[in-house]
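Taken together, the values in this text are just the output of simple stated rules run on the coordinates, not laboratory data. This is a predicted model, so every value here is computed, not measured. Reconstructed Cβ throughout: ideal geometry from the backbone, glycine too, with neighbour counts over all protein chains shown.
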Amino acid sequence: MKLTLSVIKADIGGYVGHCSSHPDVLTRAEKNLAAAKKAGTLIDYHVTRCGDDLQLIMTHQKGEENGEIHKLSWDTFLACTDVAKKLKLHGAGQDLLSDAFSGNVKGMGPGVAEMEIEERDAESIVIFMADKTASGAFNLPLYKIFADPFNTVGLVIAGNMHGGFAFEIHDVKEHKKVMLNAPEEIYDMLVFLGAPSRYAVKAVFHRETKDIAAVSSTQRLSMMAGRYVGKDDPVCIVRCQGYFPAVGEVLEPFAGPNIVEGWMRGSHHGPLMPVSVAQSNPTRFDGPPRIIAAGFQLSAGMLVGPNDLFDDPAFDNSRKQANDIADILRRMGPFEPHRLPLEEMEYTTLPQVMKKLKGRLIDLD
């Protein structure tokens, strides 16, 4: 059956500070989506959170960027913001950059990842949700999953993947995109993927079947708002098994933490720590950045799950390495490379300080 899977997220209030989400906020979101399912708008849904980000996972048959689905999400975020304000949660509604819905939540603050698929006989899906990091955080994992045979042996030994995958890469500053093919164009691809603050993988496609394999949110919240209002905290949907990488291959890039931008005030580099939902409470220096993985089987649009995939001792070493890296980076305080380079600080709180000091800068003799 033709099916649309939509993952739409927003930070609408932290409990306490930027650490987590209050249960009442999740309960309100659950109530809204339950009503939408009963009315036939949704086939199924799942409400969860990663840190202080509310995550709406929805299945329907209305296609991508559907106004009704996006309006449902927007209204849910507004209703949850009301709850957050009553509880005086920190940063209530901070991801909602407009007072009025304009037909689509893209460009209005929330992060969006959607894919329309023909549901297979066995449709395995992993949904990654991250907190305290930016949209380019999925560049390295997606490269490893779909282009690195040292991570995904299926690229070598599975005939149905041997033809490779195509990557749609977005320039989030210039609003351009490029399609590059793996394996023959991986050197060109890495020119872009190695600069995740500017370039982000939007989608990956199976080159032979043309089917979508993965999609991520590439919205840059600070660029939409023109100022720092919080990190992008991206989401990513990955299809698994069959002519896509196996679940184990999709999770393997997180067996060692990669370094991402985000952390405190969105102004630092830090290790991306794979954790269970229960452990997605970034507290130390508002971090380290966290990522969760919810696994589902789709059955006629019903979300069978979730399986909390990082709730596994196999990722204990990755979590320990992340803490060790965090110790090393934190010793550097406000110095680069722990703090982001100046060109990446343009959309943080730093410009307020620089404006104050502007009159103190004088020309050299």
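Here is how the numbers come out for the structure above:
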{"read-out": "Rg to Rh, two decimals, where the chain supplies the alpha carbon set and Rh follows Kirkwood", "value": "0.96"}
{"read-out": "Choice from Pro23, Pro306, Pro282 with maximal GNM fluctuation in the chain (Cα, 10 Å cutoff)", "value": "Pro23"}
{"read-out": "Two-decimal Rg/Rh across region 23-80, once Rg and the Kirkwood Rh are taken from alpha-carbon atoms", "value": "0.94"}
{"read-out": "Rounded D (µm²/s) - region 1-118, Kirkwood Rh over Cα pairs, Stokes-Einstein at 4 °C, 1.567 mPa s", "value": "92"}
{"read-out": "Sorted by Cβ neighbour density within 10 Å, fewest at the top, the residues Arg339, Arg120, Arg330", "value": "Arg120, Arg330, Arg339"}
{"read-out": "Largest-first ellipsoid semi-axes for region 95-177, taking √(5λ) over the Cα gyration tensor eigenvalues, angstrom", "value": "31, 17, 13"}
{"read-out": "Proximal aspartates and glutamates to Lys355, defined as alpha-carbon separation beneath 20 angstrom and excluding residues fewer than eight positions away on the same chain", "value": "Glu343, Glu344, Glu346, Asp363"}
{"read-out": "For the chain, calculated [θ]222 nm from helices alone, where every DSSP H run of n ≥ 4 adds -39500 (n - 2.57)", "value": "-7000 deg cm²/dmol"}
{"read-out": "Exposure proxy ranking, count of Cβ atoms within 10 Å, fewest first, for Ser318, Ser102", "value": "Ser102, Ser318"}
{"read-out": "Listed residues Gly91, Val105, Leu54: farthest to the positive end of the dipole of region 27-146 (Cβ charges)", "value": "Gly91"}
{"read-out": "In order through region 150-162: 3J(HN,Hα) via Karplus (6.51 cos²θ - 1.76 cosθ + 1.60), integer Hz, x for Gly, Pro", "value": "6, 9, 10, 5, x, 5, 9, 9, 9, x, 7, 10, 5"}
{"read-out": "Percentage, to the nearest whole number, of Cα pairs in region 213-365 over 29 Å apart", "value": "31"}
{"read-out": "Relative packing of peptides 39-45, 262-268, 49-55 - highest average C-beta neighbours within 10 Å first", "value": "49-55, 262-268, 39-45"}
{"read-out": "Relative contact order of region 1-118, defined on C-alpha pairs under 8 angstrom at six or more residues apart (%)", "value": "42"}
{"read-out": "Distance between region 4-25 and region 106-183 - C-alpha centres, whole angstrom", "value": "24"}
